[in-house]
Structure formats: structure tokens, C-alpha cells
Amino acid sequence: MERLRIQVIAGVTAAVGLLLVITSGKDGASTFLKAYSYAITISTLLFLAYDRRLWHFRWVRKLTGEPDLRGTWKGTLRSSYKRNGQAIAPIPFILRVTQTASSIKLTLFTGESTSVTEQARLAKDNDGRWKVD
């Protein structure tokens, strides 16, 4: 997925730059460099807008196929670990998910501890389910 993102960014930047050169109607290296710097600026702003806001729209997520997991989730952890031969009672938790198109941050709260995962990413498994790597 990362390779595809890089290809899309490069393609959009090149397309915007080419469009700016064609519409400027001038020749020369300085015109090309000026257009290219505008193209990079415009592309950066477009991708920032996409990363922070636009990907949240349902029709955009339908195109990308990525789920929107933002929010606060409540659940119960059930461990197979046995303490002194006894199964551990289920542990209630709250999970806060902060997500953009390019990142995901998970904060897990239990009665005993808090855990933060900042270097995670969503990945599609072979069976079609999404997982956090």
C-alpha cells in the first residue's frame, strides 16, 4: 500500500506541474522550476487535506477500502494466561483510536494500566480482514 501512495503522490505532483507549465505559455528553465515549485506546494496542500479531512468521507473510503476506526471503544479482554493454575477474570477496557489516512494511534486503558501504540498501521490480511501491525 505504501508503494501505491508514493506513486500517487509522484503522479499528482507531476500532473499538476505539467498543467502549470502548459498553462503558463512561457518557455525556459525558470518557468519550469517555478511551475514545479508551485506543483509541489499544491500537491502537499492537497495531500494534507486528504490525510486530515477528506479521507473521512464515506465515498472516499469506499474507493480506498480502508476502514475508519476513529473513536472510543469499550470491551473486555479475555486472557488464556493462568495465574497459580487459575484463569484470570475478564478485564474491562476502553480503547481510544486516533486516525488519519496515513497513521493510527491506539490508547488502551484498563483498571491496572495504560498502553499507547503510536507506530502502528492498518494492513489487510490474506483473508480480507483488517489488522493493526
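Read the figures in this text as sums done on the coordinates, not as results from a lab. Just so we're clear, the structure is a prediction, and the values are computed from it rather than from any experiment. Every residue, glycine among them, receives a Cβ derived from its backbone with ideal geometry; neighbour counts consider all protein chains shown.
Per DSSP H run of n ≥ 4, the term is -39500 (n - 2.57); total these for the chain, divide by its residue number, and report the mean residue ellipticity at 222 nm rounded to 500 deg cm²/dmol.
Values: 3 runs with 54 residues, N = 133.
So the calculated ellipticity at 222 nm is -13500 deg cm²/dmol.
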Worksheet item: Extent of the chain along each principal axis, from alpha carbon coordinates, in Å, largest to smallest?
Response: 80, 29, 25
Discussion item. Please list, by residue number, everything in the range 97-117 whose backbone N is under 16 Å from a paramagnetic label point 7 Å out along Cα→Cβ of Arg52.
Written reply: 99-103
Discussion item. 7 Å from Cα along Cα→Cβ at both Leu18 and Ser37: what's the point-to-point distance in nm?
Written reply: 2.4
Fill in: Spin-label model distance (nm) - Thr44 vs Ala120, 7 Å beyond Cα toward Cβ
3.0
Worksheet item: How many lysine pairs does the chain hold where the Cα atoms are under 25 Å apart and the two sit 8 or more places apart or on different chains?
Response: 10
